[in-house]
Amino acid sequence: MLDNHDPSIVVDAVALNLHGIYGVIERLFEIIARQIDRSLPTGDSWHRDLLNQMVTPVPGLRPALLSTGLRAGLDSFRRFRHVVRNVSVVDLDPDLIRPLVQDLRPVVEQVLTELSAFAVLLEEAAEPG
């Protein structure tokens, strides 16, 4: 039976949720890269390159999707996602997770704000006239 007071269970759950949240955001970036940019990074650094691609305007296709400040915030989550995939949960340091949990709400709110602004631009570009 699980001990509800075992801190490793909480660390594990939080780490996997942070991993999943960034995964969803990254998946949206992949769709934008494929469908709009027609270019998806490859190679060992493709996760970092994709995030950088979203900060870079693509002339004739789209403006920058993300601000550089948001890119920096998301990069912390991207790097943590890599840690979760490559480190045993037993080895996860709660002090590594704490700042991400504190930053989660403002970063996600900023992602939603910037994605919404991007969606408006797409709608305006699609309107005839």
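Would it be correct to say that residue 64 is without any contact (Cβ under 8 Å) to a residue 60 or more places away in the chain, exposed (fewer than 14 other Cβ atoms within 10 Å of the Cβ) and of a type outside the set (Phe, Trp, Tyr)?
no
Pairs needed: first member in segment 1-18, under 19 Å from residue 87 (Cα atoms); second member anywhere, modelled with pLDDT under 75 and surrounded by 13 or more Cβ atoms within 10 Å (Cβ to Cβ); C-beta distance under 9 Å; at least 6 residues apart or different chains.
8/89; 11/89; 12/89; 15/89; 16/89
Pick out the one residue from 87, 58, 111 that is exposed (fewer than 15 other Cβ atoms within 10 Å of the Cβ) and hydrophobic (A, V, I, L, M, F, W, C).
Of the residues listed, the single one that is exposed (fewer than 15 other Cβ atoms within 10 Å of the Cβ) and hydrophobic (A, V, I, L, M, F, W, C) is 87.
Are there any pairs with C-beta distances below 8 angstrom linking a residue in segment 90-111 that is acidic (Asp, Glu) to a residue that is in a helix (DSSP H, G or I) and surrounded by 11 or more Cβ atoms within 10 Å (Cβ to Cβ), with the two at least 6 apart or on different chains, and if so which?
103/73; 103/76
The values are calculated or read from the model by the stated rules, or taken from the named source; none is laboratory data. From a predicted model like this one, the values you see are computed outputs, not experimental measurements. Neighbour counts run over all protein chains shown; Cβ positions are idealised from the backbone, glycine included.
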